[in-house]
Amino acid sequence: MKNFQLSAVRTTGTAPPPTHSTPDSPRADGIRLAHVARRFGSGDAALTALRDIELEVRAGEFLAILGPSGCGKSTLLQIVAGLLAPSAGEVLFRGRPVTEPPEGMVYLFQQYTKSLLPWRSVAGNVALAFEADRRLTRQQVQARASEYLGLVGLAGFEKHYPWQLSGGMQQRVAIARALAAEPRVLLLDEPFSAVDALTRVELQALVLELRRQRGLTVVLVTHDVDEAVFLADRIAILSKRPTVVEEIVETRIPHPRDAIETRELPRFLELRHTLMERLLGREPRP
Ligand SMILES: Nc1ncnc2c1ncn2[C@@H]1O[C@H](COP(=O)(O)OP(=O)(O)O)[C@@H](O)[C@H]1O
Ligand SMILES: [Mg+2]
């Protein structure tokens, strides 16, 4: 596995604070979706994207939400992030209703190229996460941006502009900025769908490693069965529209995961097979 210069940063080695370890405490990072529905438009043109979503995200877990294109994955994640209101039902984070983007949660957009500001340097984009903090001097802002860029393997690229970087590197910048907000929960909307296959493998390893270091809760939406099985602890399978959660499966694949070896495990192949059948609407093999 590639070394992302993880040892060079302040966060390495120390365990994350145990804010997520007691699911019943008010500070626990669990998320609950209760009867969440979302319609778009009205009258004849109305479209029910989400019908009735019941889902629990456990503090500290990596949950993948798997479903076909157009079933409402982005809609669902935006509702969790407090960026979009549900038509019915509610989302609870740390036991409180989500009505705006909650502190402690960051959302990584599907189209990351659109989320980086082209007129800002790479460091300037990362600094967006914390430069409003008046207690930090200019030097401290710079140092902190560099630190997070080092974390994602982009040390030395501070002064570059997003358009000077490859797609995979731009996505690393977006990940660095997300982490710079010091979240407890990371919401990822098909974060690797626009990068090439090898970059995807590297970024997946990066996200798993960052998640392990920081004890993050991660919710990833994807239509990619391989990605869901490789990354997640549990997978929630969505139906076609109007969408509900059809089933939740525990992956039961050991950590740490390896880009090559893990994908050859019998459990990995079995799960991938079953989930592909489900997504393609085929009869399960006897
Ligand atoms: N702002 C919107 N206005 C109208 N329809 C929307 C809007 N956002 C999403 N939709 C529709 O809701 C459905 C689910 O969209 P989306 O959540 O983007 O699906 P997914 O991310 O699973 O591909 C799609 O049919 C899409 O066209
Ligand atoms: Mg989407």
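The values are calculated or read from the model by the stated rules, or taken from the named source; none is laboratory data. Just so it is clear, the model here is predicted, and its values are computed rather than measured. FYI the Cβ positions are ideal-geometry reconstructions off the backbone, even for glycines, and counts take in every protein chain you see. With ligands, DNA and RNA removed, areas are computed over all heavy atoms of the protein, side chains included. Shrake-Rupley method; radii C 1.70, N 1.55, O 1.52, S 1.80 Å.
What order do you get for 135-142, 100-107 when each peptide is scored by the mean count of other beta carbon atoms within 10 Å, highest first?
The packing order, highest mean first, is 100-107, 135-142.
Considering Cα pairs under 8 angstrom that are at least six residues apart, work out the relative contact order of segment 143-223 and quote it in whole percent. If you can, show how the numbers build up before the last one.
Numbers: 68 pairs, mean separation 24.6, N = 81.
It rounds to 30 percent for segment 143-223.
Accessible area per residue, 1.4 Å probe, Å², for segment 61-135: what's the number? Display every interim value, and only then the final one.
Values: 3580 Å² over 75 residues.
The answer is 48 Å² per residue.
Between the helical axis of 197-214 and the dominant principal axis of the chain, each derived from Cα atoms, what acute angle in degrees is found, rounded to the nearest 10?
Relative to the chain, helix 197-214 is tipped by roughly 80 degrees.
Starting from 0.36 nm per residue, how many nanometres of slack lie between Leu83 and Glu182 once their C-alpha separation is accounted for? Kindly include the intermediate steps, with their values, before the conclusion.
Working: separation 99, 0.36 × 99 = 35.64 nm, distance 1.88 nm.
Value of the extension gain: 33.8 nm.
For Arg252, what charge total do you get from the other residues with a beta carbon under 11 Å from its beta carbon, if Lys and Arg give +1 and Asp and Glu give -1?
Numbers: positive: Arg234, Arg267; negative: Asp233, Glu250, Glu270.
Neighbour charge sum, excluding Arg252 itself: -1.
Lys/Arg Cβ at +1, Asp/Glu Cβ at -1, dipole of the chain taken about the Cα centre: which of Ala174, Thr75, Val126 is farthest positive-ward?
After comparing all options, I get Val126.
Quick check: from the Cα gyration tensor, does the chain come out rounded (a/c under 1.5), prolate or oblate? Can you show the working numbers first?
Numbers: a/c = 1.59, a/b = 1.32, b/c = 1.20.
Taking the square roots of the gyration eigenvalues as a ≥ b ≥ c, the chain is prolate.
Could you work out how far helix 167-180 tilts from the main Cα principal axis of the chain, as a 0 to 90 degree angle to the nearest 10?
Here the helix axis deviates by roughly 80 degrees.
Under 8 Å for C-alpha pairs, at least 6 residues apart: give me the relative contact order for the chain, rounded to a whole percent.
On the way: 535 pairs, mean separation 70.5, N = 286.
Relative contact order, the chain: 25 percent.
Cβ under 13 Å from Arg138's Cβ, Arg138 left aside: what net charge do those residues give with Lys, Arg +1 and Asp, Glu -1? Present the calculation step by step, with values, prior to reporting the outcome.
Details: positive: Arg134, Arg135, Arg144; negative: Glu131, Asp133.
Neighbour charge sum, excluding Arg138 itself: +1.
Which order do the peptides 91-98, 70-77 take when ranked by the mean count of other beta-carbon atoms within 10 Å per residue, highest first? It would help to have the intermediate numbers written out before the result.
Details: 91-98: 17.1, 70-77: 22.2.
Packing proxy ranking, top to bottom: 70-77, 91-98.
With each pseudo-label sitting 7 Å past Cα toward Cβ, what's the Glu261-Leu280 distance in nm, one decimal?
3.0
For segment 90-100, in order, what is each residue's ³J(HN,Hα) by Karplus, 6.51 cos²θ - 1.76 cosθ + 1.60 with θ = phi - 60°, in whole Hz (x at glycine and Pro)?
Here the 3J(HN,Hα) series is 8, 10, 10, 10, 6, x, 10, x, 8, 10, 8 Hz.
Label points 7 Å out from Cα along the Cβ direction at His160 and Glu270: separation in nm?
About 4.3 nm separates the two model spin labels.
Whose amide H sits under 5 Å from the amide H of Phe62, counting only residues 5 or more places off or on another chain, with H placed in the peptide plane?
Amide H to amide H, under 5 Å and 5 or more residues apart or across chains, Phe62 pairs with Val218, Asp233, Arg234.
Once the piece of chain linking Arg120 and Glu247 is laid out straight, how much longer is it, given 0.36 nm per residue of separation minus the C-alpha distance between them?
Numbers: separation 127, 0.36 × 127 = 45.72 nm, distance 4.31 nm.
Here the answer is 41.4 nm.
What ³J(HN,Hα) values, in whole Hz, does the Karplus curve 6.51 cos²θ - 1.76 cosθ + 1.60 give for segment 62-70 when θ = phi - 60°, with x put for Gly and Pro?
Working through the residues one at a time gives 10, 10, 9, 10, 10, x, x, 4, x Hz.
With the Cα gyration tensor of segment 111-182 giving a ≥ b ≥ c as the square roots of its eigenvalues, does the rule (a/c under 1.5 for rounded; else a/b larger than b/c for prolate; else oblate) give rounded, prolate or oblate? Working shown, then result.
On the way: a/c = 1.70, a/b = 1.58, b/c = 1.08.
Prolate is the answer for segment 111-182, as a/c is 1.5 or above and a/b outweighs b/c.
Below 12 angstrom from the Cβ of Pro284, what's the summed charge of the other residues (Lys, Arg +1; Asp, Glu -1)?
Values: positive: Arg278, Arg282, Arg285; negative: Glu270, Glu277, Glu283.
Net charge around Pro284: 0.
Using the Karplus curve 6.51 cos²θ - 1.76 cosθ + 1.60 with θ = phi - 60°, work out ³J(HN,Hα) for each residue of segment 120-129 in order, rounded to whole Hz, and write x for Gly and Pro.
Residue by residue, segment 120-129 yields 10, 5, 4, 5, x, 5, 5, 5, 3, 5 Hz.
Please report, in debye to the nearest 20, how large the charge dipole of segment 111-182 is about its Cα centre when each Lys and Arg carries +1 at its beta carbon and each Asp and Glu carries -1 there.
Values: 9 positive and 5 negative charges, 30 e Å.
The calculation lands at about 140 debye.
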